[in-house]
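A.B. asks: Got a structure here, written out as structure tokens. Questions coming.
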Amino acid sequence: IPDSITSIADSSFSYCFNLTTVTIPDSSSITSIGDYAFSNCSSLTSITIPDNVTNIGVRAFDNCPSLPSITIPDNVTSISERTFDGCTGLTSISIPDSVTSLGEQAFSHCSNLTSISIGESVTSIAWRAFSYCANLTSVSIPDNVTSIDDYAFSSCTGLTSVSIGDSVTII
């Protein structure tokens, strides 16, 4: 994607079944990836998102089963609803300290997700945020999290260890 582009609009590349690689250069002016931008890109195996991106929209990468990993830029402040839902190829995810909230079903149905690292600034984990992550074995909830919503880890059949921070008042 050339430097002259300033944003990736809603549904820009959704259902591009043969799209395999996307590179947004560090020099680009893109700060936002729209809702459904890469939704249902079933062959997407690689995407580079520069640090100047602050917003990743609703379902931006949902149902991208071939995506093995993704780096969330340090300037993103929230993970929207269903952003990575159905990314069955994801095996691990690191949520940066800049993120304060995880939206509904943000990582739901990521069945091969084995590990997550939740940033220290996250204060809430929404409804079904990690539901159906069958291979997730352990979770450590940081101290800044105050609420874990309904079904946040439902159907995580491999989950054997959960560490909950001291600030959680609602589960």
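The values are calculated or read from the model by the stated rules, or taken from the named source; none is laboratory data. The shown structure was predicted, so the numbers you read here are calculated from the model rather than taken from an experiment. No Cβ is skipped: glycine too gets one built from the backbone with ideal geometry, and neighbour counts run over all protein chains shown. Heads up: the accessible areas ignore ligands, DNA and RNA and are worked out on the full protein's heavy atoms, side chains in. Shrake-Rupley method; radii C 1.70, N 1.55, O 1.52, S 1.80 Å.
A.B. asks: Taking only C-alpha pairs under 8 Å that are 6+ residues apart, what is the relative contact order of the stretch 1-105 in percent? Write down the numbers at each step before the final one.
C.D. replies: Values: 309 pairs, mean separation 23.3, N = 105.
About 22 percent, as a whole number.
A.B. asks: Rounded to the nearest 0.05, what FRET efficiency do Thr6 and Asp143 have when you use their Cβ-Cβ distance and R0 = 35 Å?
C.D. replies: Details: r = 37 Å, r/R0 = 1.06.
After rounding, the FRET efficiency stands at 0.40.
A.B. asks: So, in nm, how far is label Asp150 from label Thr100 when the simple model puts each one 7 Å beyond its Cα toward the Cβ?
C.D. replies: Calculated label separation equals 2.5 nm.
A.B. asks: In addition: Quickly work out the Thr71-to-Thr169 label distance, labels modelled 7 Å from Cα along the C-beta direction, and quote it in nm with one decimal.
C.D. replies: Label at Thr169, label at Thr71, 3.8 nm between them.
A.B. asks: Apply 1/(1 + (r/R0)^6) to the Cβ-Cβ distance of Ser92 and Ala134, taking R0 = 22 Å, and write down the FRET efficiency to the nearest 0.05. List each step's numbers first, then the result.
C.D. replies: Details: r = 15 Å, r/R0 = 0.67.
Result of the calculation: an efficiency of 0.90.
A.B. asks: Please tell me the relative contact order of the stretch 124-171 in percent, rounded to the nearest whole number, where contacts are Cα pairs under 8 Å and at least six residues apart. Walk me through the numbers on the way to the answer.
C.D. replies: Values: 107 pairs, mean separation 22.7, N = 48.
Relative CO of the stretch 124-171 lands at 47 percent.
A.B. asks: How about the stretch 26-93: which chymotrypsin sites (Phe, Trp or Tyr not before Pro) there lie in a loop by DSSP and see at most 13 other Cβ atoms within 10 Å?
C.D. replies: On the way: sites: Tyr36, Phe38, Phe61, Phe84; in loops: Tyr36, Phe38, Phe61, Phe84.
Those that pass, being in a loop and sparsely packed, number zero.
A.B. asks: Over the stretch 73-149, average the accessible area per residue using a 1.4 Å probe and give it in Å², no decimals.
C.D. replies: Here the residues of the stretch 73-149 average 34 Å² of exposed surface.
A.B. asks: For the chain, which whole percent of the accessible surface, found with a 1.4 angstrom probe, sits on carbon and sulfur atoms? Mind dumping the intermediate values first?
C.D. replies: On the way: 3450 of 7460 Å².
Solvent-exposed carbon and sulfur of the chain make up 46 percent of the total.
A.B. asks: Which three extents, in angstrom, do the Cα atoms of the stretch 69-121 have along their principal axes, listed largest first?
C.D. replies: Here the Cα extents, ordered largest to smallest, are 25, 18, 15 Å.
A.B. asks: If I histogram all Cα-Cα distances within the chain using bins 10 Å wide from 0, what percent of pairs lands in each bin?
C.D. replies: Histogramming the chain at 10 Å steps yields 12, 41, 34, 12, 1 percent.
A.B. asks: With unit charges on the beta carbon (Lys/Arg positive, Asp/Glu negative), name the residue among Asn63, Ser94, Ser108 whose Cα is farthest towards the positive pole of the charge dipole of the stretch 42-121.
C.D. replies: Asn63
A.B. asks: Counting residues in the stretch 1-54 as N, plug N into 2.2 N^0.38 Å and put the Cα Rg over that result.
C.D. replies: Values: Rg = 10.7 Å, N = 54, 2.2 N^0.38 = 10.0 Å.
So the Cα radius of gyration is 1.06 times the expected 2.2 N^0.38 Å.
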